[in-house]
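These notes concern the structure reproduced below.
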Amino acid sequence: MSILQTLILFSFLLSASHAAVQDFCVGDLSAPEGPAGYSCKKVSAVTVNDFVFSGLSVAGNTSNLIKAAVTPAFVTQFPGLNGLGISLARLDIAPGGVIPLHTHPGGSEVLFVIQGSISVGFISSSANTVYLKTLNKGDSMIFPQAIALPIECW
Ligand SMILES: *[C@@H]1O[C@H](CO)[C@@H](O)[C@H](O)[C@H]1NC(C)=O
């Protein structure tokens, strides 16, 4: 049974207020998260490991109703992403699995297929059109923000 694996990169809208004054703002997860993200960890406490995340090496468990699993690498799992306007996720989908229709109001998405084939698409309300495509290993597709996005694997 071949399991589809995809890597999803999200690019979120944000203000660039942190970027102007320092190179990075590793999230201090011990403080509450605000609308612009977490406050910055003290630079003296930052290590290279704040910029490295290995959690996407582990396949998600697809033994569920939708036969799919999303493994996030968001700021909560990967504090080095804080304030940069990007995040990642790993998507594992078993044959017959589906990611239900959903939207990403705050960010565009890049999907990159590492293994398998999927049918993906999005619905544009402004163009009143469905953009649907079968993607294979190595293919990428972008999903502009705020549009509906279904994903299906067979
Ligand atoms: C995957 O999830 C199912 C259902 O919750 C569970 O029975 C199974 O043990 C899990 N498999 C792994 C490898 O964690």
Of the residues in the stretch 104-122, how many are in a strand (DSSP E or B) and either modelled with pLDDT of 85 or more or open to solvent by 80 Å² or more (accessible area, probe 1.4 Å) (or both)? 13
Tell me, yes or no, whether the stretch 39-57 has at least one residue that is touching a residue at least 40 places away in the same chain (Cβ under 8 Å), assigned to a loop (DSSP other than H, G, I, E, B) and either within 16 Å of the ligand (Cβ to nearest atom) or touching a strand residue (DSSP E or B) at 6+ places or on another chain (Cβ under 8 Å) (or both). no
Failed item, numbered, when Ser126 is tested on (1) surrounded by fewer than 19 Cβ atoms within 10 Å (Cβ to Cβ); (2) touching a strand residue (DSSP E or B) at 6+ places or on another chain (Cβ under 9 Å); (3) part of a loop (DSSP other than H, G, I, E, B): (2)
Only one of Val48, Val43, Val26, Val52 is modelled with pLDDT of 90 or more, among the hydrophobic types (A, V, I, L, M, F, W, C) and open to solvent by less than 60 Å² (accessible area, probe 1.4 Å). Can you tell me which? Val26
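The values are calculated or read from the model by the stated rules, or taken from the named source; none is laboratory data. Since the structure is predicted, the reported quantities are computational estimates derived from the model, not experimental observations. Note that we place each Cβ from the backbone using ideal geometry, even for glycine, and neighbour counts take in every protein chain shown. Each accessible area value is taken on the protein alone, full model and side chains, heavy atoms only, with ligands, DNA and RNA left out. Shrake-Rupley method; radii C 1.70, N 1.55, O 1.52, S 1.80 Å.
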